[in-house]
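One structure is given below, encoded as structure tokens.
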Amino acid sequence: MKIISIKKKTVIAVIAVVLAAVAIIIFSVASSSSAAAPNGLTVVIDPGHGGADGGVVGTTTGVKESEVNLGIAKSLRHFLTESGYTVIMTRQSDKDLSDGSGSFKQSDMRARKKIIDEAHADLVVSIHQNSYPRKEIKGAQVFYAQNSETGKSYAEIMQRVLNGTLNSDRTAKSGDYYIIQCSDAPSILIECGFLSNPSEESMLVSTTYQQKVAYAILTGVRTILE
Ligand SMILES: [Zn+2]
């Protein structure tokens, strides 16, 4: 009958409209959780050490500094990418960058410098963990190249943010580290905590705390560059 066929058409039309509305809602939810539009800024993250060079070692767990550095670096890459940054990592796995030519450390560092030079970065962040004979010493500390005024001001901003978010009470300092002196890009080196302090070590090995440190560094980067 005709009346029934009109009703059928109406029902089909209503279903189509509902499905379209659901599709729009799903699409908008999905797009709101994806990365922000690129902001035109590039950050190089350098997870210190790796492979044959594990860096310092945790006093209680024996964790390698290189592992903690990579954990924080990967989390920082995620947060920065979500915030619209272009991110370049000097390493993405537990491998060093040495090609076997010359001394191991020199070859590894040359490879990192090449990545930094080619990135034309707005900021280089090298991630490390500290160690000291006196176990009570703790806290995050930021270093800059001695002759870099920009590096100094960036390091001081980052230090303020880390002191405010990671219960740290340290001062940014100049440091004689190759990675923050090897290029023209503004560079800072962050010693996120002391693996020689048992309570700080127990936090630094946890994924949750590594994410907290990464988020604090993200806040510092945004304060510096935006
Ligand atoms: Zn280190």
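The values are calculated or read from the model by the stated rules, or taken from the named source; none is laboratory data. Nothing here was measured: the structure is a model prediction, and the numbers come from that model. Positions of Cβ are backbone-derived with ideal geometry, glycine not excepted, and every protein chain shown enters the neighbour counts.
Checked against (1) assigned to a loop (DSSP other than H, G, I, E, B); (2) surrounded by fewer than 18 Cβ atoms within 10 Å (Cβ to Cβ); (3) touching a residue at least 12 places away in the same chain (Cβ under 8 Å), residue 96 meets all criteria but (2). For beta carbons closer than 6 Å, sequence separation of 6+ or different chains, a first residue in the range 200-224 that is farther than 13 Å from residue 190 by Cβ and in the same structural domain as residue 134 (by TED's automatic domain parsing) and a second that is surrounded by fewer than 16 Cβ atoms within 10 Å (Cβ to Cβ) and of a type outside the set (D, E, K, R), the qualifying pairs are 201/60; 205/61. Restricting 224, 190 to those that are at pLDDT 95 or above and closer than 16 Å to residue 80 by Cα reduces the list to 224. When you scan the range 142-164, do you find a residue that is within 16 Å of the ligand (Cβ to nearest atom) and farther than 21 Å from residue 182 by Cβ, even just one? For the range 142-164, residues within 16 Å of the ligand (Cβ to nearest atom) and farther than 21 Å from residue 182 by Cβ: absent. Scanning the range 152-175 for residues that are closer than 19 Å to residue 80 by Cβ and part of a loop (DSSP other than H, G, I, E, B) turns up at least one hit. Please verify whether residue 136 is crowded, with 17+ Cβ neighbours inside 10 Å and at pLDDT 95 or above, treating the condition exactly as stated. No; evaluated as a whole, the condition is false for this residue.
Checked against the criterion of being closer than 23 Å to residue 201 by Cα, hydrophobic (A, V, I, L, M, F, W, C) and part of a strand (DSSP E or B), the range 39-52 has at least one qualifying residue.
Scan the range 128-141 for residues that are within 14 Å of the ligand (Cβ to nearest atom) and of a type in the set (Asp, Glu) and the total you get is 0.
Every test in (1) surrounded by fewer than 19 Cβ atoms within 10 Å (Cβ to Cβ); (2) more than 13 Å from residue 220 (Cα to Cα); (3) of a type in the set (Asp, Glu); (4) under 21 Å from the mean Cα position of the chain (by Cα) is passed by residue 191 save one, and that test is (1).
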